[in-house]
Amino acid sequence: MQITHTTHITEAIADHVWRTRYCWTEAGRVPEPSMDATWDRVAMAVSKAEPHHRNDWREHFRAILSDFRFLPGGRILAGAGTSRHTTLFNCFVAGTLEDSIQGIFNALREAMMTLQAGGGVGVDFSTLRPAGSQAVASAGVASGPVSFMGVWEAANAVLESNNMRRGAMMATLRCDHPDIEAFIEAKTAGAALSHFNLSVAITDDFMRAVEEDSPWPLVFPLGQHPVPVGAEVCERVWPGDTTPQLCLVHRRMPARALWDKLLAAQLACAEPGVLFIDRINRANNLWYSECIATTNPCGEVPLPPYGGCNLGSINLTRFVQDPFAEHATLDWAGLKAVAGIATRFLDDVHDISLLPLKAQDKAVRTSRRIGLGITGLADMLVMLGLRYGSQASLDLTRAIMGTIRDMAYRTSIEIAKEKGAFPAFDKIKYGASPFVLELSHELQDAIAEHGIRNSHLLAVAPAGAISLLANHVSSGIEPIFAVTTTRSVRGADGQAVTFQVEDAAARQYRQLPGSHAALPAHMVTVVDISPEAQLHMMAVVQSCVDGAVSKTVRLPQNAGPLDLELVLLQAWELGLKGCAVYREGCASA
């Protein structure tokens with residue numbers, strides 16, 4: 001791995017993002033003079049977690065940050081080594097909501113504390129009784145989960161008015177909750193909820209009911225209430241419990257009718273997305289100690305109650321040798337080296353980060369999750385002469401993700417030898433998880449012998465702001481959005497500032513000696529890539545990731561319900577853990 005300590009910000013938007021989000025500036029202190037100074041601060045802060053050879057690790061961390069090779073999550077860049085009272089974790093999930101006024105508002109308080117400290121938060125509202133139910137304590141009538149989402153929204157808006165960073169939240173509701181129709185239609189019905197991403201937690205049973213067009217029961221746990229005379233009941237494993245609970249069937253509706261409402265809402269406003277919640281739980285490396293009901297706001301990290309994850313992305317464009325040349329290649333040795341050091345970097349973040357709540361501290365330390373991912377995938381493919389979505393691009397992406405996966409797991413095992421395995425590690429049960437069983441026998445044997453430092457190691461985030469920081473490389477695994485376009489980002493005063501931007505790969509191509517004005521035919525943008533090709537790219541990446549993959553499947557403006565249905569069914573069949581869709585021109589929030 002080449003070691004250099006110089007990073008060049010060449011784009012105005014990158015400079016703006018650095019100055020407004022990541023440059024350490026506070027009263028009475030001279031602002032950081034350069035991106036290199038920010039890297040120095042971050043590398044120094046994270047290396048303090050190392051008990052031995054601290055200076056060596058600082059230098060290793062500094063080297064992978066140089067030239068935007070590795071891009072830590074924004075909370076790490078903004079907070080590590082500063083006096084700011086913020087978390088370095090990008091994302092959390094709230095504790096299970098208790099179905100009482102005291103429980104609801106205690107959860108709201110915890111969510112606001114988390115957002116104030118800089119972390120996004122996912123909230124599952126499925127444990128709140130449906131609208132119209134009797135509220136025994138007050139002898140009143142419950143207003144339902146959607147109404148309480150409005151309370152979260154209002155509190156977040158007040159918090160945002162005093163903070164440049166927009167608070168991000170995910171709201172989920174089970175597909176068999178009696179208020180699921182109101183949840184699906186929340187944004188199309190005029191509810192603002194602009195701080196929320198919405199997702200429906202879809203079960204295997206529901207997918208089968210859609211296929212068979214059978215009646216679908218909408219249910220809610222009875223709890224301590226007696227079974228009403230003549231009522232229909234069933235058993236469900238409900239969020240907050242690992243054992244089946246007796247549930248009252250409130251009503252039944254055709255599964256296809258509910259499915260059609262979901263399709264209509266997604267076409268209208270791109271929400272709610274879907275989470276295949278049973279698959280998420282089956283595939284969880286900690287299947288034996290966790291029950292997951294939701295994810296972080298962007299969907300790439302399924303988390304248990306009070307769980308959290310810190311993120312970072314490897315910038316694939318920095319590993320292309322002789323870009324655009326006939327024999328352009330990838331620096332595999334450099335990629336492996338950075339993946340290993342980045343894994344250690346993210347593990348060290350655990351030991352220097354503030355966590356807003358004691359319950360978060362306990363849950364996060366129990367698993368020591370990290371989320372190592374990638375960005376710049378589309379630009380890298382262009383530099384190598386490959387069309388996004390082609391079989392060659394899928395094969396290369398699979399090889400890249402497999403290399404990162406194996407290096408991350410190998411490194412985590414090595415750290416476990418030094419510092420111990422994560423506290424919830426169980427050799428037999430962890431080794432029986434589906435993802436671990438797909439690893440090489442060498443890695444499985446090493447985990448059984450030495451343990452592993454982190455329960456989960458991989459997640460592919462949108463990486464939006466940090467990709468802008470890296471001179472506007474394509475974000476995450478998204479296709480190139482446009483060769484040139486305008487982008488609006490928030491300024492220091494919270495107001496939007498607009499920039500003309502050019503994709504990094506296109507810009508680099510046009511700077512080549514003797515290059516022609518016409519861009520290569522394989523440099524395609526998202527409008528040129530079929531939804532099927534986008535899904536296949538997601539599936540390839542997901543097969544090598546123990547967390548999840550955040551990517552929005554984009555549909556043309558003339559797409560209808562059948563087109564969307566095919567996308568969601570294929571996402572299900574390809575083994576994805578969730579799917580978000582955007583139709584061009586829809587009224588997204």
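The values are calculated or read from the model by the stated rules, or taken from the named source; none is laboratory data. As the structure is a computational prediction, the values presented were derived from the model and not from experiment. Cβ: placed from backbone, ideal geometry, glycine included. Neighbour counts: every protein chain shown.
Worth a mention:
- Of the listed requirements (1) surrounded by fewer than 18 Cβ atoms within 10 Å (Cβ to Cβ); (2) not in a helix (DSSP H, G or I), residue 129 misses just one: (1).
- Selection from the stretch 526-575 of residues that are out of contact with any helix residue (DSSP H, G or I) (no Cβ under 7 Å at 6 or more places or on another chain), assigned to a helix (DSSP H, G or I) and of a type outside the set (D, E, K, R): 526, 527, 533, 534, 538, 539, 542, 562, 566, 568, 569
- Residue count, the stretch 364-374 (criterion: touching a strand residue (DSSP E or B) at 6+ places or on another chain (Cβ under 7 Å) and not in a loop (DSSP other than H, G, I, E, B)): 6
- Exclusive hit being touching a Pro at 6+ places or on another chain (Cβ under 6 Å) and among the β-branched types (Val, Ile, Thr), set 210, 227, 237, 274: 237
- Selection of the stretch 569-583 for residues being more than 20 Å from residue 462 (Cα to Cα) and either of a type in the set (A, V, I, L, M, F, W, C) or modelled with pLDDT under 95 (or both) yields 569, 572, 574.
- Pick from the stretch 222-252, criterion assigned to a strand (DSSP E or B) and in contact (Cβ under 8 Å) with a residue 40 or more places away in the chain, ranking: nearest to residue 564 (Cα to Cα): 251
- Candidates 550, 467, 475, filtered to the one that is surrounded by 22 or more Cβ atoms within 10 Å (Cβ to Cβ), touching a residue at least 24 places away in the same chain (Cβ under 8 Å) and under 17 Å from residue 273 (Cα atoms): 550
- Looking only at the stretch 411-433, and only at residues there that are assigned to a helix (DSSP H, G or I) and in contact with a Leu (Cβ under 8 Å, 6 or more places away or on another chain), the one that is surrounded by the most Cβ atoms within 10 Å (Cβ to Cβ): 412
- Listed by position, the helices (runs of 4 or more DSSP H) contained in the stretch 4-91 that have at least 2 residues being in contact with a Phe, Trp or Tyr (Cβ under 6 Å, 6 or more places away or on another chain) and surrounded by 19 or more Cβ atoms within 10 Å (Cβ to Cβ) are 35-47, 54-65, 74-79.
- Look at the stretch 394-405: where a residue is free of Cβ contacts under 8 Å to residues at least 60 places away in the same chain and a partner is in a helix (DSSP H, G or I), sitting 6+ places away or on another chain with Cβ atoms under 9 Å, you get 395/540; 399/332.
- Long-range neighbours under 6 Å by Cβ, at least six apart or interchain, first residue under 17 Å from residue 371 (Cβ atoms) and among the aromatic types (Phe, Trp, Tyr) within the stretch 61-72, second part of a helix (DSSP H, G or I) and at pLDDT 95 or above: 70/64; 70/338; 70/342
- Looking only at the stretch 147-178, and only at residues there that are in a helix (DSSP H, G or I) and among the polar types (S, T, N, Q), the one that is modelled with the lowest pLDDT: 156
- Number of residues in the stretch 222-241 that are surrounded by fewer than 16 Cβ atoms within 10 Å (Cβ to Cβ) and in contact with an Asp or Glu (Cβ under 9 Å, 6 or more places away or on another chain): the value is 1.
- Of residues in the stretch 498-526 being surrounded by 13 or more Cβ atoms within 10 Å (Cβ to Cβ) and aliphatic (A, V, I, L, M), the one farthest from the chain's Cα centre (by Cα): 519
- Of the criteria (1) surrounded by 24 or more Cβ atoms within 10 Å (Cβ to Cβ); (2) at pLDDT below 95; (3) farther than 30 Å from residue 108 by Cα; (4) not small (Gly, Ala, Ser), which one residue 326 fails: (1)
The rows are residues; the columns are (1) surrounded by 24 or more Cβ atoms within 10 Å (Cβ to Cβ); (2) within 23 Å of residue 313 (Cβ to Cβ).
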residue	(1), (2)
351	no, yes
359	no, no
370	yes, yes
374	yes, yes
378	yes, yes
383	yes, yes
386	no, yes
394	no, yes
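- In the stretch 375-407, residue farthest from residue 68 (Cα to Cα) [restricted to those that are among the hydroxyl-bearing types (Ser, Thr, Tyr) and assigned to a helix (DSSP H, G or I)]: 393
- Members of the stretch 572-589 that are surrounded by fewer than 23 Cβ atoms within 10 Å (Cβ to Cβ) and more than 14 Å from the chain's Cα centre (by Cα): 572, 573, 574, 575, 582, 583, 584, 585, 586, 587, 588, 589
- The number of residues in the stretch 495-542 being over 26 Å from residue 580 (Cβ atoms) and among the hydroxyl-bearing types (Ser, Thr, Tyr) comes to 2.
- Residue within the stretch 168-177 that is closer than 30 Å to residue 112 by Cβ, of a type in the set (A, V, I, L, M, F, W, C) and surrounded by fewer than 23 Cβ atoms within 10 Å (Cβ to Cβ) present: yes
- Among the residues of the stretch 92-126, the ones that are modelled with pLDDT of 95 or more, assigned to a strand (DSSP E or B) and not acidic (Asp, Glu) come to 5 in all.
- All of (1) touching a Leu at 6+ places or on another chain (Cβ under 8 Å); (2) at pLDDT 95 or above hold for residue 228 with one exception: (2).
- The lone exception for residue 352 - which of (1) assigned to a loop (DSSP other than H, G, I, E, B); (2) free of Cβ contacts under 8 Å to residues at least 12 places away in the same chain it fails: (2)
- First in the stretch 98-118 and closer than 12 Å to residue 355 by Cα, second anywhere and polar (S, T, N, Q), Cβ under 6 Å, 6 or more apart: 117/86; 117/87; 118/86; 118/87
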